[in-house]
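Chemist: Take a look at the following structure, please.
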Amino acid sequence: QVQLVESGGGLVQAGGSLRLSCAASGRPYSGYAMGWFRQAPGKEREIVAAISWRGGEIYYTDSVKGRFTISRDNAKNTVYLQMNSLKPEDTAVYHCAANTGGWVAWTAREYDCWGQGTQVTVSS
C-alpha cells in the first residue's frame, strides 16, 4: 500500500497563495496517476486537478483553471499543487490521491490510496 501525506495547508487572505505537497512512501511509487481533491463542510468531495505519471496529461476543474498548477517530482515521490489568487470558496480540506492502476481519473472511486488531508482556509 502507498502512504500519502499532505502538507502546506493553512490560513491565507483572499488573493494569496499556498503550495500543497503530497509525499508518497511505502510500496514502490511507479506509474501512478495522482489527483488532488477537496471537500468543504457540507459538500461532496470534488476533484481539483489530476496528473499522469510522466506529467503529459494534466486536468483541472473549471473553477481553478488559470489559478492552480499541479506538478510532480517522481524522484522525490512528491506531487504539488500551487494555488494562486485564492478565493474564500477555495476553503476546504485538500486530499491527494493515487490511482495505482495508472490512468488519469476524474472520479474519487477510481483512486485507491488517499492521504489524510490538509486544511486550506481563505479569508475574505
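The values are calculated or read from the model by the stated rules, or taken from the named source; none is laboratory data. Every value quoted in this text rests on a predicted model; they were computed, and no experiment measured them. Note that we place each Cβ from the backbone using ideal geometry, even for glycine, and neighbour counts take in every protein chain shown. Ligands, DNA and RNA are stripped out before the accessible areas are found, and what is left, the full protein with its side chains, is counted by its heavy atoms. Shrake-Rupley method; radii C 1.70, N 1.55, O 1.52, S 1.80 Å.
Chemist: Using a cut-off of 29 Å between alpha-carbon atoms, which lysines can reach Lys76, once sequence neighbours fewer than 8 places away in the same chain are excluded?
Modeler: Within the straight-line cut-off, Lys76 pairs with Lys65.
Chemist: Suppose each label sits 7 Å from its Cα in the direction of the beta carbon; what would the Lys43-Gln116 distance come out to in nanometres?
Modeler: Calculated label separation equals 2.4 nm.
Chemist: Calculate the length of the line joining the C-alpha centroid of the stretch 110-124 to that of the stretch 52-79, in whole Å.
Modeler: 15
Chemist: For the stretch 1-46, calculate the relative contact order in percent as a whole number, restricting contacts to Cα pairs under 8 Å that are 6 or more residues apart. Please list the in-between numbers first.
Modeler: Numbers: 40 pairs, mean separation 15.9, N = 46.
That works out to 35 percent.
Chemist: When Lys and Arg each count +1 and Asp and Glu each count -1, what net charge do the other residues less than 14 Å away from Glu44, Cβ to Cβ, add up to? Intermediate values should be presented prior to the final figure.
Modeler: On the way: positive: Arg38, Lys43, Arg45, Arg109; negative: Glu46.
Taking every other residue near Glu44 into account, the sum is +3.
Chemist: Which order do the peptides 46-54, 69-77 take when ranked by the mean count of other beta-carbon atoms within 10 Å per residue, highest first?
Modeler: Details: 46-54: 19.2, 69-77: 15.0.
The most tightly packed comes first, giving 46-54, 69-77.
Chemist: Given a 1.4 Å probe and every protein chain left where it sits, what share in percent of the accessible area of the chain is carbon and sulfur?
Modeler: Working: 2930 of 6200 Å².
That share works out to 47 percent.
Chemist: Still on this structure, please answer the following. How much area per residue is accessible in the chain when the probe is 1.4 Å and only protein heavy atoms are counted (Å²)?
Modeler: 50
Chemist: Would you mind computing, in nm to one decimal, how far apart the modelled labels at Trp103 and Thr69 are, each placed 7 Å from Cα along Cα→Cβ?
Modeler: Between Trp103 and Thr69, the label points sit 3.0 nm apart.
Chemist: Take the Cα of Ser123, step 7 Å along the line toward its Cβ, and report every residue of the stretch 12-41 whose backbone nitrogen sits under 12 Å from that point.
Modeler: Within reach of a label on Ser123: 12-14.
Chemist: Can you figure out the FRET efficiency of Val5 with Lys87, using R₀ = 35 Å and their beta-carbon distance, to the nearest 0.05? Walk me through the numbers on the way to the answer.
Modeler: Numbers: r = 26 Å, r/R0 = 0.74.
Efficiency computed from Cβ-Cβ geometry: 0.85.
Chemist: Treating only the Cβ of Lys, Arg, Asp and Glu as charged (+1, +1, -1, -1), what charge dipole size does the chain show about its Cα centre? Round to the nearest 20 debye.
Modeler: Working: 12 positive and 10 negative charges, 38 e Å.
My answer is approximately 180 debye.
Chemist: Which whole-number value in Å³ per residue fits the convex hull of the alpha carbons of the stretch 35-94?
Modeler: Numbers: hull volume 5.0 nm³, N = 60.
Each residue corresponds to 83 Å³ of Cα convex hull volume.
Chemist: If I take every Cα pair under 8 Å that is 6 or more residues apart in the chain, average their sequence separation and divide by the length, what percent do I get for the relative contact order?
Modeler: Working: 314 pairs, mean separation 45.0, N = 124.
Value for the chain: 36 percent.
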